[in-house]
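A short worksheet on the structure shown next.
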Amino acid sequence: MSEIDYAIDFGTSTTLLAIPQASGARVIQIEPESPFSWLPSVIAKNEKSEWIVGSNALYSPVASRILSPKSAITRGSQTLKNSQGDEISADLAITLVLGKVIQTLKDNNLDPNGRVRMSCPAMWDGNQRIRLVEIAQKLGINTNIDDLMDEPIAARSEEHTSELQSRLHL
């Protein structure tokens, strides 16, 4: 198995990108204009009828938002709809969020083809895991079913990684 270059914690509420390092994970800020290192896992339809992602979507009118596209995999949903009736393919919604992560790699002159470990809910069955991997692979994310890590094992920050590493050495 080759080394993991990046870790994506595609969470229900937030998405985080990190580079594993011997001293712990280095978190990469997905939205440079945001004070947070994480990306809200939210999409919304803006006034131009375009789907937007992240903080811009989070601060959009409530009726235009779709929270937690990842939960569509858990529920087995094929489409998502906001309360004003705008519908989107669940897989496209997930692609929009993960696409922002890939764009961040490119914007930071990091190899977007590096091997990626992704988190997923421990309760997901094989089909749900395969669905996430296939969406990621169609986007060009270099991951496979063996690269998935069950939540809450997936590290979300350098501190968590250090804590986890110290526990493993006990």
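Given a 1.4 Å probe and heavy atoms of the protein chains only, how would you sort 42, 62, largest accessible area at the top?
Details: 42 5, 62 105 Å².
Heavy-atom accessible area, descending, gives 62, 42.
If we restrict to alpha carbons, what Rg and Dmax does the chain come to, in Å?
Using the Cα atoms of the chain, the pair Rg, Dmax is 15.9, 55 Å.
Answer with one residue from 104, 77, 20: the one whose Cα lies farthest towards the positive end of the charge dipole of the chain, charges on Cβ with Lys, Arg +1 and Asp, Glu -1.
77
Would you please give the FRET efficiency between residue 71 and residue 111, computed as 1/(1 + (r/R0)^6) with r the Cβ-Cβ distance and R0 = 30 Å, to the nearest 0.05? Numbers along the way, then the final one.
Details: r = 30 Å, r/R0 = 1.01.
Efficiency, from the Cβ-Cβ distance: 0.50.
Given the DSSP H assignment, sum -39500 (n - 2.57) over each helix run of at least 4 residues in the chain and divide by its residue total; what's the result at 222 nm in deg cm²/dmol, nearest 500?
Details: 5 runs with 51 residues, N = 170.
For the chain, the value works out to -9000 deg cm²/dmol.
Roughly how big is the chain's charge dipole about its Cα centre, with Cβ charges of +1 (Lys, Arg) and -1 (Asp, Glu), in debye to the nearest 20? Don't jump to the answer; show the numbers that get you there.
Details: 16 positive and 21 negative charges, 67 e Å.
Charge dipole, the chain, about its Cα centre: 320 debye, nearest 20.
About the Cα centre, and with charges only on the beta carbon of Lys, Arg (+1) and Asp, Glu (-1), how big is the dipole of the stretch 12-90? Nearest 20 debye, please.
Numbers: 7 positive and 6 negative charges, 51 e Å.
With Lys and Arg at +1 and Asp and Glu at -1, about 240 debye.
Please return the longest range in the chain lying between exposed loop sites, taking GluC sites (Glu not before Pro), DSSP loop only, at most 15 other beta-carbon atoms within 10 Å, and leaving the sites out. Working shown, then result.
Working: sites that count: 3, 33, 47, 50.
Of all site-free stretches, the longest is 51-170.
In what order, largest first, do 100, 138, 48 sit by accessible area if the probe radius is 1.4 Å? Mind showing how you got there, number by number?
On the way: 100 60, 138 180, 48 145 Å².
From most exposed to least exposed: 138, 48, 100.
Full-extension gain between residue 3 and residue 137, please, as 0.36 nm times their residue separation minus the C-alpha to C-alpha distance. Please report the intermediate quantities before stating the final value.
Details: separation 134, 0.36 × 134 = 48.24 nm, distance 1.77 nm.
The residue 3-residue 137 span can extend by a further 46.5 nm.
State whether the stretch 56-150 is rounded, prolate or oblate according to the following rule on the C-alpha gyration tensor (a ≥ b ≥ c being the square roots of its eigenvalues): a/c under 1.5 gives rounded; otherwise a/b larger than b/c gives prolate, and the remaining case gives oblate.
Details: a/c = 2.35, a/b = 1.27, b/c = 1.85.
It comes out oblate by the Cα gyration axes.
Taking 0.36 nm per intervening residue step and subtracting the Cα-Cα distance, what contour gain separates residue 56 from residue 84 on full extension? It would help to have the intermediate numbers written out before the result.
On the way: separation 28, 0.36 × 28 = 10.08 nm, distance 1.75 nm.
Length difference between fully extended and current span is 8.3 nm.
Where both partners of a DSSP beta bridge lie in the chain, what percent of those bridges are antiparallel, to the nearest 5?
Beta bridges within the chain, antiparallel portion: roughly 70 percent.
Give a quick list of chymotrypsin sites (Phe, Trp or Tyr not before Pro) in the stretch 14-114 that DSSP marks as loop, anything other than H, G, I, E or B, with at most 14 other Cβ atoms within 10 Å.
Working: sites: 36, 38, 51, 59; in loops: 36, 38, 59.
The qualifying sites are 36, 59.
Given R₀ = 45 Å, FRET efficiency for residue 48-residue 145 by Cβ-Cβ distance, to 0.05?
On the way: r = 38 Å, r/R0 = 0.84.
For R0 = 45 Å, the calculated efficiency reads 0.75.
Label point 7 Å out from residue 130 along Cα-to-Cβ: which residues of the stretch 58-100 have amide N under 18 Å?
Only 73-78, 91 pass the distance filter.
The values are calculated or read from the model by the stated rules, or taken from the named source; none is laboratory data. Note that the coordinates shown come from a computational prediction; the quantities given were computed from them, not determined experimentally. Cβ coordinates were reconstructed from backbone atoms using ideal geometry, including for glycine residues, and neighbour counts include every protein chain displayed. Quick note on the areas: whole protein, heavy atoms, side chains included, nothing else; ligands and nucleic acids left out. Shrake-Rupley method; radii C 1.70, N 1.55, O 1.52, S 1.80 Å.
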